[in-house]
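Novice: Okay, handing you the structure first.
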Amino acid sequence: DGRYIGYALNDPPDSAISPPDSIYIVDADGRNPRELKTLIPQNEQLDAKYYWSPDGEAILFTATQNDPVRQIVYEFNLETNTLLQKGAFSPDVLDWGDTTSLLMDIEKAGLSFAWQSANGTSNTLDLGVSCWEFNFRRSPDDNFAIGAYCPDDKSGLYWANPDGSTIK
């Protein structure tokens, strides 16, 4: 809504795929700078994923903890300057929302996705084979499209509703 500016800073700057050294938020007039890296525990490293909340009042981001290995989802409220831990997951967090997170199970041999709800329920899409590439997108209606390129030139395109309970 134009009230805040957010940016990630990588060092070296040409390293587009590395996690950011930090994520910064400033008011639109350049005042009130905040460095999100300083808010998380020292044993965690920021991930490259971060998003504005739909209402523009918060920034959501992930950090990786190494012992034990898991991803932590945080929400930083820009109005109150408070940090809230939204969840901790041992698989790789691909996307998250207020009610459901999309995870990739990195411990399974084949490509496997899971939708984990805030109430503890989950739904899975297990392709059963290791795929070379995959991509996903969330639609404006919160549905997911997942494409996968797997061995033997096989491709798959999947559609799932926001909580993964219907997969086609």
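Novice: When you look at D141, is it at pLDDT 80 or above, of a type in the set (D, E), out of contact with any Asp or Glu (no Cβ under 6 Å at 6 or more places or on another chain) and over 14 Å from S165 (Cα atoms), yes or no? Explain how you work it out, then say what you get.
Specialist: Numbers: at pLDDT 80 or above: yes; of a type in the set (D, E): yes; out of contact with any Asp or Glu (no Cβ under 6 Å at 6 or more places or on another chain): yes; over 14 Å from S165 (Cα atoms): yes.
Yes.
Novice: Looking at G110, G156, G128, G120, which is the one that is touching a strand residue (DSSP E or B) at 6+ places or on another chain (Cβ under 6 Å), small (G, A, S) and farther than 22 Å from G6 by Cα?
Specialist: Sole residue among the options that is touching a strand residue (DSSP E or B) at 6+ places or on another chain (Cβ under 6 Å), small (G, A, S) and farther than 22 Å from G6 by Cα: G156.
Novice: How many residues are of a type in the set (S, T, Y) and assigned to a loop (DSSP other than H, G, I, E, B) when one looks only at the range 37-70? Full working, then the answer.
Specialist: We begin by selecting, within the range 37-70, every residue of a type in the set (S, T, Y); these are 38, 50-51, 53, 62, 64.
Now narrow it down to the ones that are assigned to a loop (DSSP other than H, G, I, E, B): 53.
Residues meeting the conditions: 1.
Novice: Follow-up question, since we're still on this one. Need at least 2 residues that are open to solvent by less than 60 Å² (accessible area, probe 1.4 Å) and of a type in the set (S, T, N, Q) per element, so show me which strands (runs of 3 or more DSSP E) inside the range 71-168 make the cut, counting only ones lying wholly within it.
Specialist: Ranges flagged: 100-104, 112-117.
The values are calculated or read from the model by the stated rules, or taken from the named source; none is laboratory data. From a predicted model like this one, the values you see are computed outputs, not experimental measurements. Neighbour counts run over all protein chains shown; Cβ positions are idealised from the backbone, glycine included. In case anyone asks, the SASA skips ligands and DNA or RNA and just uses the protein heavy atoms, side chains included. Shrake-Rupley method; radii C 1.70, N 1.55, O 1.52, S 1.80 Å.
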